[in-house]
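Before any comments, here is the structure.
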Amino acid sequence: MTPFTTLTAPAIPLRLANVDTDQLLPGRFLRKPRSDGYDNYLFHDIRRGRDGTLRADFPLNDPCYADAPILVADRNFGGGSSREGAVYALVDRGIRAVIAPSFGDIFYSNATKNGLLPIRLPIDIVERIWAIAEADPSAPLTIDLAAQTVRLANAEPVRFEIDAFQRACLLEGRDDIDLTLAHADAISSFETSDRASRRWRAPSA
Amino acid sequence: MDQSRRSGVETPLRCGYCPTMITPTTLFEKIWRQHRIVERDDGQTLLWIDRHLCHEGSFHAFDKLARSGRPVRRPDLTFAFADHYVPTRDRSAGARDPEIATMIRLLGENTARHGVRLFGLGDPDQGIVHVVAPELGLTQPGLTLVCGDSHTSTHGAFGALAFGIGASEVSHVLATQSLWQKRPRTLRVTVDGRLGPHVSAKDLILAVIARIGADGAAGHVVEYAGEAIRALPMEARMTVCNMTIEAGGRAGLIAPDDTTFDWLHGRRYAPKGADWDAAVADWRGLVSDTGASFDREVRLDGASIAPTVTWGTSPENAVPVTDRVPDPEAEGDPGRRATLAAAVDYMGLIPGMPITDITVDRVFIGSCTNARIEDLRIAAGVLKGRRATVPTMVVPGSSAVKRQAETEGLDRVFIDAGAEWLESGCSMCAATNGDMVAPGQRCASTTNRNFRGRQGPGARTHLMSPAMAAAAAVTGRITDVRLLGETA
Ligand code: SF4
């Protein structure tokens, strides 16, 4: 996966709470192979009006934000299903970071495994970013993952929290299976001792 | 930096003040400690996974595994189910849509390649993964169980630590039979008293979600306790744990008890003979000790819960059936006002209208939330001798549930009421198999998500219990099932 270190770029304001994974990627596109690219399915249904045409009032349809790689939304972003396709759709559209007051747990974890940085920030800061991005769609935000900060325009940097392990994986763009296999002996000895002490756990048909 | 502690053997937690006293421990903590392979200083823990369940959607993870050239470490602990894409009508020709047929075929190929047991389209035990795994006795107290599906929380009803994971994590579990997790926080939801007549587990969990919000349990494992929970049969406990994810919870848990053991005894993959006795002796210890502390506590009075339905586009938009659609103008916060207004608009409702004035175009009784035998008995109880006035589909949660229902004659009740009696699968819950609610149509549904477009583009979903969905089928509008006797 692509490492995430720093990013200075404009943001897309999305004033919506509970943007669930069915809105990010409707279920009927889950059967598409990843090699096709998922960007066309991102927000497929909510980007369109009832007649199927793209809605002018949806920020991701606004040409001003066409190249902005940061999405800023309200609470509970990515709640719902475990579909990693919701993350693929964002990544394939070129989104590198999502800022919101809270995230669905599974979405958050899926994001970190695909080079997409989820950033939890309090709602008052999210509101400031919305206001800036709406006033000037080219206004850049600077995200520094190593320092765990987001800086808006000329303001002081704001710190965000992220788990140290997830941060390291993102910074290095590393696959955690390799890391786990370094613990192969510990896994094997656990397997052996657990089998001996709790025999009933093996499925017995 | 890592590997500060290893554990295969548990050491009891001792109290810091009085070393002879054992610190009271939560059920979650007990299961977590039993599965800890490596714990790192940064708080990440490598957990052993006892059961891994797959479905058609696991193809991304199998692809990833294939690209890395790794084998499945424990195919004997991995079980696969065809559910999300299976046709619910005429199965003789398989799925008609070529893309959907490919999903079912890929699951067959991937499981065959790795020697994983598949409960496929033609299998007598086919059905929704979260219905079939418990039925077969694969779900047991004290296990860690994962699946690439958020409603894996269902299995917590047995006192198993069960949670949904994404495709990257699925491939990690396939390759290593383990998973890195950060210790979640704990929330105990205690429901005192008894539920009223016609009030079910679905109403209970919708009331909980309305209280704490769709992200109210984010980062938490939720243990359900109290008299109302203890009184629930296993099917109802599964409904409660199933929808824990709709409150944002990582997992739901209910301490196993005799209800659990009686339900599990004799099932195909459950322990047998002396192993069964040893297992039950161990399982009886899987309770939160008196005095164990939780990061948060929430209490509800079971007797005050009414039949509950959702009006909006998030499960937190749940209200008693006796209530009204909220008026966004009455909301002071501008952000919340806009969110409410957008939901009212999408749902095509009038602010302030009574919930029971909402007419429905169709009814769906199905899904891993509410399509077990108990649910079908309740729905049939309401429909018996009555007619559905709107198109109604009944989709059993598993092929075994379907057979059982037919043995009991429930299929006749549904068919005589004019409902469709179909083959088991996810069907209209997420519309992945092509069973969809038409744009703008309104569906009374026993499923778990009322998200925009969940049941098809432009579909409007009202979540409710099987009894309430059956009542809506009879009257064609949202109806308080407690009053149906008088109005019918
Ligand atoms: S029934 Fe619905 S919620 Fe359950 S596994 Fe199938 S699609 Fe998911």
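FYI, it's all coordinate maths here, none of it is from the lab. Fair warning: this is a prediction, and the values are worked out from it, not measured in the lab. Methodologically, a virtual Cβ is constructed for each residue, glycine included, from the backbone with ideal geometry; neighbour enumeration extends over all protein chains shown.
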Sticking to Cα atoms, compute the Rg of the protein assembly as shown to one decimal and its Dmax as the biggest Cα-Cα distance, whole number, in Å.
24.2, 72
Square roots of five times the C-alpha gyration tensor eigenvalues of the stretch B:100-209, ordered largest first and given in whole Å, equal 30, 20, 12
Rounded to the nearest 500, what is the 222 nm mean residue ellipticity of chain B from helices alone, with -39500 (n - 2.57) per DSSP H run of 4+ residues and division by all residues?
-9000 deg cm²/dmol
Mean 1/r over distinct Cα pairs of the stretch B:215-327, inverted to a Kirkwood Rh in Å, yields 16.6
Relative contact order of the stretch B:26-163, please, whole-number percent, based on alpha carbon pairs below 8 angstrom and at least 6 residues apart.
27
Put +1 on the Cβ of each Lys and Arg and -1 on the Cβ of each Asp and Glu in chain B; which of B:Ala330, B:Thr290, B:Thr45 then has its Cα farthest toward the positive end of the dipole?
B:Thr45
Note to self: C-alpha centroids of the stretch B:53-74 and the stretch B:446-475 sit apart, in Å, by 33
Relative contact order of chain B, please, whole-number percent, based on alpha carbon pairs below 8 angstrom and at least 6 residues apart.
16
Rounded to the nearest 10 degrees, what's the angle between the helix B:334-347 long axis and the longest principal axis of chain B, both from Cα atoms, 0 to 90?
60
Spin-label pair B:Asp289/B:Ala66, simplified geometry with 7 Å Cα→Cβ offset, distance in nm
5.0
Footprinting exposure proxy for B:Ser465, A:Ser197, B:Ser427 (fewest neighbouring C-beta atoms within 10 Å first)
A:Ser197, B:Ser465, B:Ser427
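Under unit Cβ charges (Lys, Arg +1; Asp, Glu -1), what dipole magnitude, rounded to 20 debye, does the protein assembly as shown have relative to its Cα centre?
Around 900 debye, computed over the protein assembly as shown.
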Label B:Asp41 and B:Asp90 with points 7 Å out from Cα along Cα→Cβ: what is the distance between them in nm?
6.6
On each of the three principal axes of the Cα atoms of chain B, give max minus min coordinate, whole Å, ordered largest first.
63, 55, 47
Check which residues have an amide H placed less than 5 Å from B:Lys182's amide H, if you skip close sequence neighbours.
B:Thr45
What is the Cα centroid distance between the stretch B:320-396 and the stretch B:110-125, reported in whole angstrom?
36
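Give the peptides B:288-297, B:136-145 in descending order of average Cβ contacts within 10 Å, highest first.
Output ranking for B:288-297, B:136-145: B:136-145, B:288-297.
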Across the stretch B:444-451, in residue order, what do the Karplus-derived ³J(HN,Hα) couplings come to in whole Hz, using 6.51 cos²θ - 1.76 cosθ + 1.60 with θ = phi - 60° and x for Gly and Pro?
7, 9, 8, 7, 10, 10, 10, 4
On the principal axes of its Cα set, how long, how wide and how thick is the stretch B:265-387? Give whole Å, largest value first.
63, 47, 26
For the protein assembly as shown, whose charge dipole is built from +1 on Lys and Arg Cβ atoms and -1 on Asp and Glu Cβ atoms, the candidate among B:Thr392, B:Ala472, B:Pro98 with its Cα farthest towards the positive end is B:Pro98
Can you tell me the dipole magnitude for the stretch A:6-174 around its Cα centre, using point charges on the Cβ only (Lys, Arg +1; Asp, Glu -1), in Debye to the nearest 20?
440
5 Å binning of all Cα-Cα separations within the stretch B:309-481, expressed as whole percents from 0 upward:
1, 10, 19, 22, 19, 13, 8, 4, 2, 1, 0
Rounded to 5, the percent of DSSP beta bridges in chain B classed as antiparallel
30
Going Cα to Cα from B:Lys64, which lysines come in below 28 Å? Please leave out same-chain ones fewer than 8 positions away.
A:Lys32, A:Lys113, B:Lys182
Suppose R0 equals 56 Å; then what is the FRET efficiency for B:Ile350 and B:Glu109 from their Cβ-Cβ distance, rounded to the nearest 0.05?
0.65
Rounded to the nearest 10, the angle in degrees between the Cα long axis of helix B:399-408 and the longest principal axis of the Cα atoms of chain B comes to 50
If you rank B:Phe62, A:Phe43, B:Phe158 by fewest surrounding Cβ atoms within 10 Å, what's the result?
A:Phe43, B:Phe62, B:Phe158
Between the DSSP loop rule and a limit of at most 16 other Cβ atoms within 10 Å, which trypsin sites (Lys or Arg not before Pro) in the stretch B:88-138 are left?
B:Arg89, B:Arg91, B:Arg96
Label zone at B:Asp262, where the point sits 7 Å out along the Cα-to-Cβ direction: the stretch B:214-242 residues whose backbone N lies under 13 Å
B:231-235
Restricting attention to the stretch B:332-405, which trypsin sites (Lys or Arg not before Pro) occupy a DSSP loop and are surrounded by at most 15 other Cβ atoms within 10 Å?
B:Lys384, B:Arg387
Can you give the charge dipole size of the stretch B:24-87 about its Cα centre, rounded to the nearest 20 debye, using +1 on the beta carbon of Lys and Arg and -1 on the beta carbon of Asp and Glu?
220
Degrees, to the nearest 10: B:373-383 long Cα axis against longest axis of chain B
10
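Could you work out the mean count of beta carbons from other protein chains within 10 Å of each residue's beta carbon in A:185-195?
Mean shielding count: 5.
Just to confirm the filter: which GluC sites (Glu not before Pro) across the stretch A:129-194 are DSSP coil and have at most 12 other Cβ within 10 angstrom of their Cβ?
Qualifying residues, ordered by number: A:Glu161.
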Amide N of the stretch B:43-60 lying under 16 Å from the label point, which is placed 7 angstrom from the Cα of B:Asp123 along Cα→Cβ:
B:51-59
Quickly estimate the mean residue ellipticity at 222 nm for chain A, helices only: each DSSP H run with n ≥ 4 gives -39500 (n - 2.57), and the total goes over all residues, rounded to 500.
-8500 deg cm²/dmol
Where does each of B:267-280, B:321-334, B:471-484 land if you order them by average Cβ count within 10 Å, highest first?
B:471-484, B:267-280, B:321-334
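Does the stretch A:141-205 come out rounded, prolate or oblate, given a ≥ b ≥ c as the square roots of the eigenvalues of its C-alpha gyration tensor, rounded meaning a/c under 1.5 and, failing that, prolate meaning a/b above b/c?
Prolate, because a/c is 1.5 or more and a/b exceeds b/c.
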Whole number please: convex hull volume per residue, Cα atoms of the stretch A:6-174, in Å³.
110
Please arrange A:Ser82, A:Ser189 by counting, for each residue, the other beta carbons lying within 10 Å of its beta carbon, fewest first.
A:Ser189, A:Ser82
Inside 10 Å of the C-beta atoms of B:163-174, what's the mean count of C-beta atoms belonging to other chains?
6
Projected convex hull area of the stretch B:139-292, Cα atoms, direction-averaged, in nm², equals 10.0
Using +1 at the Cβ of each Lys and Arg and -1 at the Cβ of each Asp and Glu in the stretch B:309-481, identify which of B:Val360, B:Gly456, B:Ala371 lies farthest towards the dipole's positive end.
B:Ala371
Within straight cross-link reach of B:Lys30, meaning Cα distance under 12 Å, which aspartates and glutamates are found once same-chain residues fewer than 8 apart are removed?
B:Glu10, B:Asp282, B:Asp289
Looking only at other chains, what is the average number of their beta-carbon atoms within 10 angstrom of each beta-carbon in B:39-46?
3
